[in-house]
């Protein structure tokens with residue numbers, strides 16, 4: 001499981017071995033949801049790019065993407081590796 005956590009969230013293996021059990025379980029529990037969110041996003045990108053999406057849906061998705069790019073939405077994005085390290089260190093998990 002450490003390899004999966006490291007591959008998705010980043011960090012080195014030894015850091016994951018020092019993560020408190022409760023936090024570790026929370027990260028593990030979220031993996032399926034996060035992976036499937038990524039897959040759904042990928043499918044949407046492919047559908048828009050290949051023209052297989054309904055015209056109205058395509059316009060809606062492109063508008064959402066444009067709004068997000070301009071900062072007009074509250075939707076969150078996946079944190080970068082650096083942001084994940086900062087979040088872990090903020091809760092007392094030494095990384096690095």
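Can you find a residue in the range 16-27 that is modelled with pLDDT of 90 or more, within 17 Å of residue 91 (Cβ to Cβ), surrounded by 15 or more Cβ atoms within 10 Å (Cβ to Cβ) and within 14 Å of the chain's Cα centre (by Cα)? Within the range 16-27, one or more residues are modelled with pLDDT of 90 or more, within 17 Å of residue 91 (Cβ to Cβ), surrounded by 15 or more Cβ atoms within 10 Å (Cβ to Cβ) and within 14 Å of the chain's Cα centre (by Cα). Could you list, ordered by first residue, the pairs with Cβ atoms under 9 Å in which the first is in the range 77-96 and on the phi > 0 side of the Ramachandran plot and modelled with pLDDT under 80 and the second is outside any helix (DSSP H, G or I) and surrounded by fewer than 13 Cβ atoms within 10 Å (Cβ to Cβ), at least 6 apart or interchain? Matching pairs, first to second residue: 92/20; 96/12.
There is no residue in the range 75-82 that is in a helix (DSSP H, G or I) and surrounded by 13 or more Cβ atoms within 10 Å (Cβ to Cβ).
Can you find even one residue in the range 28-42 that is closer than 25 Å to residue 5 by Cβ and outside any helix (DSSP H, G or I)? There is no residue in the range 28-42 that is closer than 25 Å to residue 5 by Cβ and outside any helix (DSSP H, G or I).
The values are calculated or read from the model by the stated rules, or taken from the named source; none is laboratory data. Predicted, not measured: the structure shown is a model, and the values here were computed from it. Every residue, glycine as well, gets a Cβ built from its backbone with ideal geometry; the counts of neighbours run over all protein chains shown.
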